[in-house]
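So the structure is just underneath, and the comments pick up after that.
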Amino acid sequence: MDQEALGSVVLLAIVTLISVVQNDQTLSVFLTAFFASKVEHESKHCNGKGFQRPGSSAFDRVYTANQNCGHAYPTFLAVLWCAGLLCSQAPAAFAGLMYLFVRQKYFVGYLGERTQSTPGYLFGKRIILFLFLMSVAGILNYYLIFFFGSDFEMHIKTITGAISPLLLIP
């Protein structure tokens with residue numbers, strides 16, 4: 001792969017690898033990631049034998065938070081890569097890092113009272129929407145070029161670059 005092609009996806013790849021470490025879906029043998037290790041810790045703390053110990057509210061909260069994060073993971077990866085490839089890599093990678101931070105906040109908030117997880121959940125939905133809209137803008141720009149010869153790529157990159165810092169506002 002040449003340097004130019006690699007340079008156009010390296011930030012997305014970094015965010016994806018960070019999310020894998022955080023999610024611990026495939027690297028459990030090599031890495032001790034936050035979500036899965038919390039589930040394992042609460043499981044052993046409740047009964048000491050293994051997973052799925054009913055009756056412990058601490059374990060149930062950790063297990064549910066982990067499942068909720070896992071269910072949103074494929075959607076996050078899809079919109080992250082679509083936004084980065086079709087629109088602009090840097091704002092998509094920034095939004096992806098923000099999403100990982102928000103997902104961490106959601107998970108930790110879920111360990112306390114459930115109302116503490118609500119801000120992280122809502123913020124995460126807003127970031128997913130931003131990445132989705134970036135993807136749609138990239139697709140629309142492709143078809144504008146294809147059918148009309150009009151290229152709005154620089155305008156779209158400027159707008160997404162200017163809007164992405166607004167994701168920091170809660």
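Summary of values
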| quantity | calculated |
| --- | --- |
| The one condition in (1) open to solvent by 70 Å² or more (accessible area, probe 1.4 Å); (2) over 15 Å from the mean Cα position of the chain (by Cα); (3) not polar (S, T, N, Q) that Phe132 fails to fulfil | (2) |
| Check on Thr160, closer than 30 Å to Ser57 by Cβ and either in a helix (DSSP H, G or I) or touching a His at 6+ places or on another chain (Cβ under 9 Å) (or both) | no |
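Here is a yes/no grid of residues against (1) modelled with pLDDT under 75; (2) at negative phi; (3) open to solvent by 10 Å² or more (accessible area, probe 1.4 Å):
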position: His45; (1), (2), (3): yes, yes, yes
position: Gly55; (1), (2), (3): yes, no, yes
position: Pro74; (1), (2), (3): no, yes, yes
position: Phe94; (1), (2), (3): no, yes, yes
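Every residue, every condition in (1) open to solvent by 50 Å² or more (accessible area, probe 1.4 Å); (2) touching a helix residue (DSSP H, G or I) at 6+ places or on another chain (Cβ under 9 Å), yes or no:
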{"residue": "Ala65", "(1), (2)": "no, yes"}
{"residue": "His71", "(1), (2)": "yes, no"}
{"residue": "Val102", "(1), (2)": "no, yes"}
{"residue": "Arg126", "(1), (2)": "yes, yes"}
{"residue": "Ile145", "(1), (2)": "yes, yes"}
{"residue": "Met154", "(1), (2)": "yes, no"}
{"residue": "Thr158", "(1), (2)": "yes, no"}
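The values are calculated or read from the model by the stated rules, or taken from the named source; none is laboratory data. None of these values were measured; they are calculated from a predicted model. Note that each Cβ is placed from the backbone with ideal geometry, even for glycine, and that neighbours are counted across all protein chains shown. For accessibility, only protein heavy atoms count, side chains too; no ligands or nucleic acids. Shrake-Rupley method; radii C 1.70, N 1.55, O 1.52, S 1.80 Å.
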